[in-house]
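Q: Provided herewith is a single structure, encoded as structure tokens, for subsequent inquiry.
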Amino acid sequence: MNVTLPDAWSLRAALAGLLDGLPPKQAAQAVDRLIAGYRGETPTDAPILRDRSDVVAYAAYRMPATFEAVRSALDALREAAPAWAPATHTDVGGGTGAASWAVAGAWEGQRTTVLDWAEPALALGRELADASGVPALLGVRWERARIGQALELAPADLVTVSYVLKELTGRARTELVDAAAAAGQAVVIVEPGTPDGYARIIEARDRLIAAGLRIAAPCPHSAACPIEPGADWCHFSARVSRSSLHRQVKGGSLSHEDEKFSYVVATRFPTDPAPARVTRRPQIRKGQVLLELCTRDEGLARSTVTKRHGGLYRAARDAAWGDSWPPEDSDG
């Protein structure tokens, strides 16, 4: 594969042959069982991905969605700190390496270490990285480690923790976030875009701020979240192309689905957070666009942009859920 930087299509190509030899019904049953395990109410301190068939099914099903969610969070970090690039990256609980693919697609030349407690996941991640042909992925170190309490992390420019906190007890979550805050110059944490996923992100956000980091995204500030607890939750959406396994497990024939996720990016170096963030899908009506925003100075706000705003109106029509607002190159 002649690939310089990985993207969604190169990841899909690397995943394409994984299901060969695994009966479709068995793959679908493995995904159903694993999703039930991940969505369970009881955190686990043992690997959920137990063998290669588990890992293959779940990687084919979940890696593209995790990749897109993490890539969106990294895009927000790059927007807030366009001149910064990590030389070292630790992917905590990285499994088969979806976040590492996203990091390798965002910057070149970083040295990545993936930590996970499931050896079959690490082995498959290494196999996929080798198939990618991407130098940054070929050089990834895959290390087995128990994720949670007493985890020791070496200093790194970037620490990613994606879809991991749900699997841990409350004490293990706090210790992991504290360890990430102590080790990383930038910390990116991604969780499912559900009310409880958002609650874990807010808990992590508070601990990152207490550890001396500043929020770079998605929030325009490092003050308290303006959302009233229990009234709503902050989350975003990333478009994911659906594989045949997605369609088999979920039914339907759509070629895509939307991955809902919550995230926080915090850094120890100066950044320029967005003045405001679009927190819902913009509502486009005749001659106007309604934007739900989280703002730096006014908390939650609604902005109505009309044709009389000129370039700002055109920018609003092109704005997407999760974008910073207003765009730098708009007028009005």
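The values are calculated or read from the model by the stated rules, or taken from the named source; none is laboratory data. Quantities reported herein were computed from a predicted structural model and do not represent experimental measurements. Glycine gets a Cβ as well: all are built from the backbone with ideal geometry, and neighbour counts include every protein chain shown. Calculation scope for accessible area: heavy atoms of the full protein, side chains included, ligands and nucleic acids excluded. Shrake-Rupley method; radii C 1.70, N 1.55, O 1.52, S 1.80 Å.
Q: I need the shape label for the range 64-115. Rule: rounded when a/c is under 1.5, else prolate if a/b > b/c, else oblate, with a, b, c from the alpha carbon gyration tensor. Display every interim value, and only then the final one.
A: Values: a/c = 2.20, a/b = 1.25, b/c = 1.76.
Because a/c hits 1.5 or more and a/b fails to exceed b/c, the range 64-115 counts as oblate.
Q: Name the shape class, rounded, prolate or oblate, that the alpha-carbon gyration tensor gives for the range 67-220, where a ≥ b ≥ c are the square roots of its eigenvalues, rounded holds for a/c under 1.5, and otherwise prolate holds if a/b is larger than b/c and oblate otherwise.
A: The shape class here is oblate.
Q: Sticking with this structure for a sec: Pop out the carbon and sulfur fraction of the accessible area of the range 136-224 as a percent, whole number, probe 1.4 Å. Kindly include the intermediate steps, with their values, before the conclusion.
A: Values: 1790 of 3440 Å².
For the range 136-224, the apolar C and S fraction of the accessible surface comes to 52 percent.
Q: Using a cut-off of 15 Å between beta-carbons, work out the net charge of the residues near S100 (Lys and Arg +1, Asp and Glu -1, S100 not included).
A: Details: positive: R62, R71, R111, R126, R141; negative: D7, E68, D91, E108, D116, E127, D130, E143, D157.
Overall, the nearby charge balance is -4.
Q: If packing is taken as the average count of other Cβ atoms within 10 Å, what order do 87-95, 286-294, 52-60 fall into, highest mean first?
A: Working: 87-95: 25.1, 286-294: 16.3, 52-60: 22.6.
The most tightly packed comes first, giving 87-95, 52-60, 286-294.
Q: Oh, and also: Taking the range 124-194, which GluC sites (Glu not before Pro) meet the DSSP loop condition and have no more than 16 other C-beta atoms within 10 Å?
A: Values: sites: E127, E143, E152, E167, E175; in loops: E152.
Hits after loop and neighbour filter: E152.
Q: Report the accessible area of E191, computed with a 1.4 Å probe over the heavy atoms of all protein chains in place, in Å² rounded to the nearest 10.
A: 0
Q: Right, something else. Please give the peptides 307-316, 109-118 ranked by average Cβ packing (other Cβ atoms within 10 Å per residue), highest first, as a rough proxy for protection. If you can, show how the numbers build up before the last one.
A: Numbers: 307-316: 16.9, 109-118: 20.5.
Those peptides, ordered most packed to least, come out 109-118, 307-316.
Q: Oh, and also: Based on the alpha carbons, how large is the Rg to Rh ratio for the range 127-198 when Rh follows Kirkwood?
A: A ratio of 1.02.
Q: Also: What whole-number distance in Å separates the alpha-carbon centres of the range 133-171 and the range 186-230?
A: Each part's Cα centre sits 19 Å from the other's.
Q: To continue, here is another question. What figure in square angstrom, to the nearest 10, would you give for the accessible area of R126 with a 1.4 Å probe?
A: 90
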